[in-house]
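Single-structure report; data block below.
The values are calculated or read from the model by the stated rules, or taken from the named source; none is laboratory data. Owing to the predicted nature of the structure, the values given are computational and were not obtained by experimental measurement. Note that we place each Cβ from the backbone using ideal geometry, even for glycine, and neighbour counts take in every protein chain shown.
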Ligand SMILES: *[C@@H]1O[C@H](CO)[C@@H](O)[C@H](O)[C@H]1NC(C)=O
Ligand SMILES: [Cu+2]
């Protein structure tokens with residue numbers, strides 16, 4: 001028992017980013033959708049390497065395209081670093097930096113776009 005506790009302690013010390021990684025549901029109950037204010041959603045949240053985002057939406061109605069800053073500003077889906085359309089996409093941050101996501105069909109029309117800074 002003492003040994004198990006000891007090993008658990010070591011794991012907590014060695015792997016803080018894994019142990020304490022947070023999965024955020026984008027838009028909370030509203031999900032990844034038109035008409036949700038993602039500027040407000042990121043407000044007050046601090047993201048770290050190891051954290052992940054879960055995009056929940058009706059497959060076929062929306063998608064998730066990983067773009068760069070220019071793609072985010074201008075709603076350009078191409079070129080991109082990946083596009084997802086399952087309706088439940090979980091993306092994990094492995095590297096610190098700025099990440100940009102758009103819905104290809106609603107970025108221009110309803111601002112369905114998300115920028116996240118990962119520390
Ligand atoms: C959004 O609008 C810009 C500027 O009109 C256009 O270049 C771009 O292709 C549009 N994005 C999509 C995904 O249709
Ligand atoms: Cu959309």
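Where strands (runs of 3 or more DSSP E) fall wholly inside the range 38-119, the ranges with 1 or more residues that are within 12 Å of residue 24 (Cβ to Cβ), in contact with a helix residue (DSSP H, G or I) (Cβ under 6 Å, 6 or more places away or on another chain) and touching a residue at least 12 places away in the same chain (Cβ under 8 Å) are 113-118. Return the only residue of 57, 48, 38 being buried (at least 17 other Cβ atoms within 10 Å of the Cβ), within 13 Å of residue 116 (Cα to Cα) and modelled with pLDDT of 95 or more. Result of the check over 57, 48, 38: 38. Among all residues of the range 50-59, there is none that is within 16 Å of ligand 1 (Cβ to nearest atom) and closer than 17 Å to residue 110 by Cβ. Kindly check whether there is at least one residue in the range 100-109 that is more than 14 Å from ligand 2 (Cβ to nearest atom) and in contact with a strand residue (DSSP E or B) (Cβ under 8 Å, 6 or more places away or on another chain). Scanning the range 100-109 turns up at least one residue that is more than 14 Å from ligand 2 (Cβ to nearest atom) and in contact with a strand residue (DSSP E or B) (Cβ under 8 Å, 6 or more places away or on another chain).
Is it true that residue 63 is within 15 Å of ligand 1 (Cβ to nearest atom), farther than 24 Å from residue 21 by Cβ and surrounded by 13 or more Cβ atoms within 10 Å (Cβ to Cβ)? Judged against the criteria, residue 63 is a match.
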